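The values are calculated or read from the model by the stated rules, or taken from the named source; none is laboratory data. The model shown is predicted, which means the values in this text are computed figures rather than measured ones. Here the Cβ positions follow ideal geometry from the backbone for every residue, glycine too, while neighbour counts run over all protein chains shown. Only protein heavy atoms, including side chains, enter the accessible area calculation; ligands, DNA and RNA are left aside. Shrake-Rupley method; radii C 1.70, N 1.55, O 1.52, S 1.80 Å.
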Amino acid sequence: MIFARECFLGGGLVVAAGLWYVFRREPFGKYWSISLHASAHRGTTYVFGVALLIATALWAVYFKEWLIPRYAYGLAMQAALGMALVCLGLLAVIPHYEEKWQGRVHVLASWVMVGLMPVILLLHALDNWGSVGGYVAVLSMVADGVLLGIFWGVKGMHERFALLQSLYIGIFFLCLGVFGYV
């Protein structure tokens, strides 16, 4: 059981290593999204894709063997977590090439993931209201909502999409860590 819990951290470390490689080649902010940074070169495309695929497998173990049994999540949460893993897998194997079919599929999977993140947080908050994890989930939904509001409502934020995207994803995965470790 302990190994399953540590798969969350392992996945995070693998993605961090992949991002480190990507941002050594292309400085953060050069492209408007993390995915475009990763697909800028053949090497960064492969390294980041493999890193995200390995992390997705590790997070699948974390979800199935640790998080779901720990909270006895119902079918809705299990389905949402499963869909998130499918989206992450698609994001890993289909690079974001603008003006190509891969770019359209990648962007679609990304936006499905953007929608799933608050749903997962909401389902956790509803199932665990009154706990630290429940309150963290609500605060994180508010923070992600503010980030989306800034992105859609403030002029010029599309140029800062990579930063907002990083914060949005970071908040979500921080919550998943809190759920598993607190």
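Using only the Cα atoms of region 95-159, each taken as one equal point scatterer with no solvent, compute I(q) by the Debye sum, divide by I(0), and report log10 of the ratio at q = 0.12, 0.14, 0.29, 0.30 Å⁻¹.
Computed log10 I(q)/I(0) values: -0.44, -0.57, -1.09, -1.11.
R42 to A76: extension gain in nm, 0.36 nm per residue of separation minus the Cα-Cα distance?
In short, 8.5 nm is gained.
When the Kirkwood radius is taken over all Cα pairs of region 53-163, what Stokes-Einstein diffusion coefficient follows at 4 °C and 1.567 mPa s, in µm²/s?
For the chosen part, D equals 84 µm²/s.
In degrees from 0 to 90, rounded to the nearest 10, what is the angle of the helix 2-25 Cα long axis to the longest principal axis of the chain?
Between the helix axis and the principal axis of the chain, the angle is about 20 degrees.
What dipole magnitude, in Debye to the nearest 20, does the chain give about its Cα centre under +1 on Lys/Arg Cβ and -1 on Asp/Glu Cβ?
For the chain, the charge dipole is close to 300 debye.
Before I look further, what does the chain give for accessible area per residue, probe 1.4 Å, in whole square angstrom?
52
Given 0.36 nm per residue, what is the gain on full extension from V154 to V107 after removing their alpha carbon distance, in nm?
14.8 nm
Considering the options F63, W32, G180, tell which one lies farthest towards the positive end of the dipole of the chain, charges being +1 on Lys and Arg and -1 on Asp and Glu at the Cβ, about the Cα centre.
Value: W32.
For the Cα atoms of the chain, what angle does the longest principal axis make with the long axis of helix 161-181, in degrees from 0 to 90, nearest 10?
Taking Cα atoms only, the helix is inclined about 30 degrees.
Please identify the longest segment of the chain free of exposed chymotrypsin sites (Phe, Trp or Tyr not before Pro), where exposed means a DSSP state other than H, G, I, E or B and no more than 14 other Cβ atoms within 10 Å.
Here the longest run is 29-128.
Per DSSP H run of n ≥ 4, the term is -39500 (n - 2.57); total these for the chain, divide by its residue number, and report the mean residue ellipticity at 222 nm rounded to 500 deg cm²/dmol.
-26500 deg cm²/dmol
Select from S166, S35, S110 the residue whose mean-square fluctuation is largest in a Gaussian network model of the chain (Cα-Cα springs shorter than 10 Å).
Highest fluctuation of the listed residues: S166.
Once you place label points 7 Å from the Cα toward the Cβ at F173 and S131, how far apart are they in nm?
Roughly 2.3 nm, to one decimal.
Note down the relative contact order for the chain as a percent, whole number, built from C-alpha pairs under 8 angstrom at least six residues apart.
Across the chain, relative contact order equals 23 percent.
Between region 96-133 and region 144-182, how far is it from one alpha carbon centroid to the other, in angstrom?
11
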